[in-house]
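Structure first, commentary second.
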Amino acid sequence: EDQVTQSPEALRLQEGESSSLNCSYTVSGLRGLFWYRQDPGKGPEFLFTLYSAGEEKEKERLKATLTKKESFLHITAPKPEDSATYLCAVQAAGGGNKLTFGTGTQLKVEL
Amino acid sequence: EAQVTQNPRYLITVTGKKLTVTCSQNMNHEYMSWYRQDPGLGLRQIYYSMNVEVTDKGDVPEGYKVSRKEKRNFPLILESPSPNQTSLYFCASSQGRGNEQFFGPGTRLTVL
């Protein structure tokens with residue numbers, strides 16, 4: 001069974017204090033690993049897709065990396081508007097289009 | 001604007017009263033899914049559809065039905081809702097397997 005574990009569950013940062021969120025996964029053949037951002041009361045918003053170990057993607061202050069067992073979302077010099085819950089999900093290679101999600105890291109960036 | 005829409009956004013109902021949550025996408029996507037989100041459990045897939053008239057079960061299909069008669073629409077039907085179906089529901093669509101899924105704004109359902 002595919003599994004995704006995210007850590008930490010919650011993270012509080014000062015503005016400008018860089019950090020990383022972790023996503024550990026087990027999947028029977030990885031089709032893709034996805035990062036989403038979710039604001040309270042809203043649907044998840046797509047950030048990145050990573051397909052193979054060693055791949056990296058960047059967008060503004062966010063950088064996602066992938067190994068065979070885990071992915072990291074690095075946040076450089078965060079701002080208060082980066083406060084949100086960050087979700088990691090995997091999709092297995094075989095059958096369907098199911099995303100298996102972790103329970104998320106709730107990030108709060110303070111002034 | 002490319003989007004996934006859901007209606008209603010909020011619904012309070014009673015046990016056993018049939019209800020339908022609608023979902024529509026304007027991106028001509030092949031794949032559509034329904035998820036529920038519960039505290040501590042994350043998002044879990046209920047049903048998905050790969051094309052018109054093609055649907056399959058996700059991880060938690062019990063108590064739900066879906067249909068895909070048109071490419072853009074994918075309604076979620078609760079024939080006899082129960083309190084354990086109180087949850088936040090999201091519809092999503094994607095161009096294909098391996099592509100990012102675009103999520104709707106969510107429907108918060110309370111079953112009394």
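Values in this text are rule-based calculations from the coordinates and carry no lab data. As the structure is a computational prediction, the values presented were derived from the model and not from experiment. Note that we place each Cβ from the backbone using ideal geometry, even for glycine, and neighbour counts take in every protein chain shown.
How many nm separate the modelled label positions at B:Thr110 and A:Glu55, each set 7 Å beyond the Cα in the direction of the Cβ?
Modelled inter-label distance: 4.2 nm.
Mind checking the full-extension length gain between A:Asn22 and A:Ala93? Use 0.36 nm per residue of separation minus the Cα-Cα distance, one decimal, nm.
23.4 nm
I want to check the label-to-label distance for B:Asn26 and A:His74. Put each point 7 Å from Cα in the C-beta direction and report it in nm to one decimal.
3.9 nm
Any idea what the dipole of chain B comes to, in debye rounded to 20, about its Cα centre with Lys/Arg Cβ at +1 and Asp/Glu Cβ at -1?
Roughly 260 debye for chain B.
Hey, in the GNM for chain A with a 10 angstrom Cα cutoff, which one of A:Ala93, A:Ala84, A:Ala64 fluctuates hardest?
Maximum fluctuation in the GNM of chain A, among the listed residues, is at A:Ala93.
Pairs A:Lys98/B:Lys18; A:Lys108/B:Lys18; A:Lys57/A:Lys108; B:Lys17/B:Lys71; A:Lys63/B:Lys71: which are spaced more than 31 Å apart, C-alpha to C-alpha?
Checking Cα-Cα distances, A:Lys108/B:Lys18; A:Lys63/B:Lys71 exceed 31 Å.
In nm, to one decimal, how far is the modelled label at A:Gln14 from the one at B:Ser80, with both set 7 Å along Cα→Cβ?
A separation of 5.9 nm, rounded to one decimal place.
Taking Cα atoms of the protein assembly as shown, Rg/Rh with Kirkwood Rh, to two decimals?
Rg divided by Rh gives 0.97.
What is the magnitude of the charge dipole of the protein assembly as shown about its Cα centre, with +1 placed on the Cβ of each Lys and Arg, -1 on the Cβ of each Asp and Glu, and no other charges, expressed in debye to the nearest 20?
So the dipole magnitude of the protein assembly as shown works out to roughly 580 debye.
Relative to the Cα centre, what is the charge dipole magnitude of chain A, using +1 at the beta carbon of each Lys and Arg, -1 at the beta carbon of each Asp and Glu, and rounding to the nearest 20 debye?
220 debye
Over chain B, what is the percentage of antiparallel beta bridges among all DSSP beta bridges, to the nearest 5?
Of all bridge pairs located within chain B, approximately 90 percent are antiparallel.
When only alpha-carbon atoms are used, what values of Rg and Dmax, in angstrom, describe chain B?
13.1, 38
Apply the Karplus curve 6.51 cos²θ - 1.76 cosθ + 1.60, θ = phi - 60°, to the phi angles in segment B:97-112 and return the couplings in whole Hz, x for Gly and Pro.
My calculation for segment B:97-112 gives 5, x, 8, 4, 9, 9, 9, x, x, x, 10, 8, 10, 10, 10, 8 Hz in order.
How high is the relative contact order of chain A, given as a whole-number percent (alpha carbon pairs under 8 Å, six or more residues apart)?
37 percent
Note down, for chain A, the three equivalent ellipsoid semi-axes (square root of 5 times each alpha carbon gyration tensor eigenvalue), biggest first, whole angstrom.
Computed over chain A, the values are 24, 14, 11 Å.
What ³J(HN,Hα) values, in whole Hz, does the Karplus curve 6.51 cos²θ - 1.76 cosθ + 1.60 give for segment B:20-25 when θ = phi - 60°, with x put for Gly and Pro?
10, 10, 8, 9, 9, 10
Quick one: Karplus J couplings for segment A:99-108, per residue in order, coefficients 6.51, -1.76, 1.60, θ = phi - 60°, nearest Hz, x for Gly and Pro?
Per residue, the Karplus-derived 3J(HN,Hα) values read 9, 9, 9, x, 8, x, 10, 8, 9, 10 Hz.
Given the options B:Pro61, B:Thr107, B:Gln37, identify the residue whose Cα lies farthest towards the positive end of the charge dipole of chain B (+1 on Cβ of Lys, Arg; -1 on Cβ of Asp, Glu).
Looking along the dipole axis, the top candidate is B:Thr107.
Where is the GNM fluctuation largest for chain B (alpha-carbon springs, 10 angstrom cutoff): B:Ser24, B:Ser80, B:Ser49?
Checking each option, the largest mean-square fluctuation is seen for B:Ser80.
Scan around A:Leu30 for amide H atoms under 5 Å from its own, H built in the peptide plane at 1.01 Å from N, and keep only partners 5 or more places away or cross-chain.
A:Ala93
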